[in-house]
Amino acid sequence: MSNRILIVDDEPDLASMMADMLNDAGYTTRIFDNGREAITEIHADPPDLLLLDVNMPGLDGFEVAALLKADPGTATIPIIMVSAQDGRGSRVIGLESGAEDYLSKPVDSAELIAKIRNLLLLRDRTTEAAQH
């Protein structure tokens with residue numbers, strides 16, 4: 001079974017481009033354009049990893065990450081923030097809100113896929129260790 005990745009980005013072209021790139025790499029993707037709908041979907045059917053834009057209408061990516069990490073049912077889902085905001089301040093806020101990583105747009109496909117693979121591997125190893 002392929003890993004399921006939820007992409008939350010209000011820029012449809014960028015979200016589709018990331019989905020195509022990840023589908024080509026063997027991942028299954030779903031796209032949402034706002035944080036509120038994404039949170040509802042994540043609670044109903046949790047993904048294996050979340051790619052989360054920072055600047056969105058309604059709840060921004062920082063708020064979505066903080067809400068998910070505060071909830072024990074979703075706290076272990078790895079989050080990679082993806083944003084045009086590439087300043088140090090935004091990166092720190094993203095990481096402090098609970099994201100495991102932060103990438104600047106435009107996203108380098110090889111770097112994104114490597115980070116996803118590493119975070120999913122770490123999640124799997126952590127889950128295995130907790131079960132023993």
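The values are calculated or read from the model by the stated rules, or taken from the named source; none is laboratory data. Computed from a predicted model, the values in this text were never measured in an experiment. Quick reminder, even Gly has a Cβ in these numbers, built from the backbone with ideal geometry, and neighbours come from all protein chains shown. Side chains included, ligands, DNA and RNA excluded: accessible areas come from the protein's heavy atoms. Shrake-Rupley method; radii C 1.70, N 1.55, O 1.52, S 1.80 Å.
A count restricted to the stretch 72-84 and to residues that are under 24 Å from Ala15 (Cβ atoms) and out of contact with any helix residue (DSSP H, G or I) (no Cβ under 8 Å at 6 or more places or on another chain) stands at 1.
Can you say whether Ala15 is more than 19 Å from Leu103 (Cα to Cα) and buried (at least 20 other Cβ atoms within 10 Å of the Cβ), as far as the supplied structure shows? Answer is no for this residue. Of the residues making up the stretch 91-100, one or more are crowded, with 17+ Cβ neighbours inside 10 Å, more than 19 Å from Arg4 (Cβ to Cβ) and of a type in the set (A, V, I, L, M).
Quick check: anything in the stretch 113-127 open to solvent by 20 Å² or more (accessible area, probe 1.4 Å) and over 19 Å from Arg4 (Cβ atoms)? No, the stretch 113-127 contains no residue that is open to solvent by 20 Å² or more (accessible area, probe 1.4 Å) and over 19 Å from Arg4 (Cβ atoms).
Tell me whether the stretch 78-100 contains one or more residues that are in contact (Cβ under 8 Å) with a residue 24 or more places away in the chain and in contact with a Pro (Cβ under 7 Å, 6 or more places away or on another chain). Let's see the steps before the verdict.
Let us first name the residues in the stretch 78-100 that are in contact (Cβ under 8 Å) with a residue 24 or more places away in the chain, namely 78-85, 90, 93-94, 97-99.
Right, trim to in contact with a Pro (Cβ under 7 Å, 6 or more places away or on another chain) and you get none.
The answer is no, given that none of the residues of the stretch 78-100 is in contact (Cβ under 8 Å) with a residue 24 or more places away in the chain and in contact with a Pro (Cβ under 7 Å, 6 or more places away or on another chain).
Within the stretch 42-74, the set of residues being more than 14 Å from Arg4 (Cβ to Cβ) and hydrophobic (A, V, I, L, M, F, W, C) comprises Leu52, Val54, Met56, Leu59, Phe62, Val64, Ala65, Ala66, Leu67, Leu68, Ala70. Summed over the stretch 87-107, residues that are of a type in the set (D, E, K, R) and modelled with pLDDT under 85 total 2. Residues in the stretch 91-125 that are of a type in the set (Val, Ile, Thr) and over 22 Å from Leu67 (Cα atoms): Val107, Ile113.
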